[in-house]
Every structure is written in structure tokens, then in C-alpha cells.
Amino acid sequence: MIAGTLVSLGMYFLVQSFGNLLVDKKYLNENAETKRLTQYQDSLENYITNNRISVKDVGSISKWVKKQHYVYLVIYDGDEIVYESGYWDDKYSAYELAETADGVNTVTGTTPSLERTVNNIAFSDGTYLAEIMDASELKWISIVTYVSLVVFFFFLFLILILYNHRLIARIMQLSKEVSLIEKGDLEQPIYHKGNDEISLLAINADNMRHSIIARHKSEKEAWEANSELITSMSHDIRTPLTSLIGYLEILASGNYSSNEQFNKYIKSCKTKSIQLKDLSDKLFQYFLVFGKEKIAMQMGTFDVGILFQQLISEHVFDLSNSGFQVKTEFPEEACTIFTDIQYLKRLFDNLFSNIRKYAALDGDVSIASHIEGTTLTISIANTIRVDSAILESTNIGLKTCKKIVEQMNGTFSIKKAPSTFKVIITFPIKRMSKKN
């Protein structure tokens, strides 16, 4: 920045000096000044003569002065100034306010630098002495200044761009190396040198590369663990399934000696069926939670009041028969929900199954819902059993519920205290207009 500024300032003063010199040689030489002043005088005389302007007609005289832009006009009646107007610049003000007939400034004692001509001008009401002063060189001096500023900023930016070329090259190299990571090439290390911000960014990108490698390794290990789980689960399923098939074949062939033996086989079949159902539910929940793909849902629009009465009332009835004290509160306002019935049923099956397993019989089970705006909120709360050691360690069922709700564009949250457990679910809904 310092080097660029110094060089740019040098170019600025060089261009300005050359420009001012050019203005002095080409614009302020004696011939050019005389020519301009003669043109101004001729223009003023023609204007006054053609329009028969009186010296008292200040408005008409001012129109000519304004049209000339850089001209200052003073009209004398003897020693008295009868008109004075035109382009005003502070550095000429002392001269204009204290001018002498011989052209020497009585205030400063110096000869003014303004180009000027003094002649008699015939107005319609008499002849008066008119002094025309030209300051049009200021226009060219301003142009020189603007060009000098352009040169200053041009060289400043040019030097800074050249200086930062190496940094830009480093950024491009970093971008190229990061793009290789995006394409899956994790073996290419990211080059970093120095201790500036670009180096810090390169170090962070390289750390990200190592993190991706570690994550891929972890995912590979998880996939291998999943394969082992499937193998183990298939063995666990095969054992009760084989027993179930055997009992059913005995029943189908009638190879039993008594009703007591028949009932025993039936009971065994039921036990093995429940065992198979639990295993299949756990397997489904595991892949539902840890699977990468979204759940394939059959979404549809349903009446909230009818749907939730059907899904929740059955569970409320079962809980009441099991000895739980259930309190319910449902909204009366009509609205619809866009959802998948089968997965919504699975959601409540999991939640109420947890209540039957882990809720205290002597505590209340509260099921409440309310509508606020376009959101339906459902809360299910219960008291936790004292023997909390039996609680599910992985919470796979609750994770399944969370994934189901979130894919239905809802939210799923848990509030747990030492003695209470509460689940809060929200779904987007659409209010139904009231019929007249």
C-alpha cells in the first residue's frame, strides 16, 4: 500500500505538472489570450448593438455574461462602477474588489493574472468603459486535475493488483485442491504455507479433508456393523420362525393327543408370533432411523378430528383397561392434516407402547392437543416408573418417531424430568371454513 501510494502520487504530480505546462503554452500564450478577449469584446458589442441594450438593462447584460460561463464583466461610468457580475473565484476576489486603472491591485500590489481587456462600449443610452476578464483557463486546469486523479488511482490499483497476484494464485490453487475433495479425491493433501488468512483457510480445509476421511471410515465400520446386525437378526428370527412352523405343522396334521396339548401348541404359536413381531419392529426401527433414504410415504389429506379420534381412542381404551388414569383433551375446531395414515399409526403405536412399558400405574397419563394458527400441537405426558433401569437404552423407538414426524413437516421434542416424561409433537394443518 505504501509503495503503491508513493508511486501513484509521483505519477499524479508528474501528469499535473505536464498538464499545467501544456495549458500555459497552448492556452495562455499571448496570441490565444488576445484572440479570446477580442472574441468576447466583439460578441458583447454585437449583442448590445443588435438588441439596443441600455446600460441600465441589467437583466439583458447578465444573460450575455451567463452565456460566456467564465467571463467577469465590469462597466464603468467614469470612476463609478455601474455594473459588475460574472464568474467569481475566490483567488481573484481581491483584484476585483480593489482594481486600479493601470491594472495593479492596490490591496496586494501585484499585477493580476486574469486575462482582461478594457474598451469603450456604445450602449443605447451612451458610451461606457467595459472591462472583460477571462478565467476560462480554470476549466482546463480542472480537467488536468481530474486526469491526474485518474492516473493516480490507475497506478495505485495496478500496483496493488500486481502485488496481490501471488495471493490470488494461492487462492486459485486452494480452490483447485478443494474441488478435488468435492470430486471425491481425498488423498490429495492441501498445500499451505505461511501464517496469513489464506494459510489458515488452507489448514482448515486440510483438516476438513481428514475429517471426511475419518467419517468415511466410520461409515464403513457402521455398514459392516449393520451387516453383522442383519446376520444376527436373521438368525434370531429364524429360530422362533422354525418353532412356529413346527407347531403349525403339528396342529395341521392333528398330531396331538388332547385339548390341553392343542391349547399348549396354540399358546406356543402365539408366543413365537409375538416374538417375531418384536424382532421385526426392532429391525424396522433400526433401518428407519439409520437409513440414509427418506421414508416412502403415501400422503393424503384427512380430517384431524376423525383421524386422531380413531388413532388415539383405541390406545386410551387399552391404557384404561390396564389400570392407567388417562386424561384427554381434543380440539373441537375443524381442520385437515396432510399425512400418511400408516406411519402416523406407527408413531402412536410406538408412543403408547412406551407408556405401557415405562409409565407408573399410579400416575396420570395426559393426552392434550390444541390448535394455534396453522399448527396442531399434541402433548403426551406420563409419570416414570420407579424401576427406571428397565428404560430403553438406545431410545430407538423415539428416534423412529422423530424421523416420521419430521418427514411429515412436523416437529418432535422430548421434555424429561426426574419423575415425568413428556413428548410434544406439532403438525402443520389447514383450517376448514365454517359452513353457513
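Phi-derived couplings, Karplus 6.51 cos²θ - 1.76 cosθ + 1.60 at θ = phi - 60°, listed residue by residue for the stretch 326-333: 10, 10, 10, 8, 10, x, 8, 6 Hz, with x used for Gly and Pro.
Taking amide H as placed 1.01 Å from N in the peptide plane, the amide H of ASP364 sits under 5 Å from that of THR383, each at least 5 places away or on another chain.
Extending 7 Å from the Cα toward the beta-carbon at both PHE153 and SER199 defines two label points whose distance is 3.5 nm.
On the stretch 135-196, 69 percent of the accessible area sits on carbon and sulfur atoms, based on a 1.4 Å probe. Rolling a 1.4 Å probe over the protein heavy atoms gives the stretch 149-217 an accessible area of 76 Å² per residue. For PHE123, the amide hydrogen comes within under 5 Å of the amide hydrogens of TYR128, counting only partners 5 or more places away or on other chains and with H modelled in the peptide plane. Accessible area of LYS270 (1.4 Å probe, protein heavy atoms only, ligands and nucleic acids ignored): about 130 Å². Here's how it looks for TYR83: its modeled amide H is under 5 Å from those of ILE75, which are all 5 or more places away or on a different chain.
What a 1.4 Å probe finds exposed on the stretch 1-83 is 56% carbon and sulfur by accessible area, rounded to a whole percent.
Using the Cβ-Cβ distance between GLU84 and GLN41 with R0 set to 25 Å, the FRET efficiency works out to roughly 0.90.
Cross-link partners of LYS430 among lysines, defined as those whose alpha carbon lies under 28 angstrom from its own and excluding same-chain residues fewer than eight positions apart: LYS294, LYS327, LYS345, LYS399, LYS402, LYS403, LYS415, LYS422. Per residue, the solvent-accessible area of the stretch 300-421 (1.4 Å probe, heavy atoms of protein chains only, all protein chains present) comes to 53 Å². Is the C-alpha gyration tensor of the stretch 145-265 telling us rounded, prolate or oblate? Criteria: a/c under 1.5 is rounded; beyond that, a/b larger than b/c is prolate, otherwise oblate. In terms of gyration-tensor shape, prolate.
The values are calculated or read from the model by the stated rules, or taken from the named source; none is laboratory data. What you see is a predicted model; the values in this text were computed from it and never measured. So basically every Cβ, Gly included, is an ideal-geometry build from the backbone, and we count neighbours across all protein chains shown. For accessibility, only protein heavy atoms count, side chains too; no ligands or nucleic acids. Shrake-Rupley method; radii C 1.70, N 1.55, O 1.52, S 1.80 Å.
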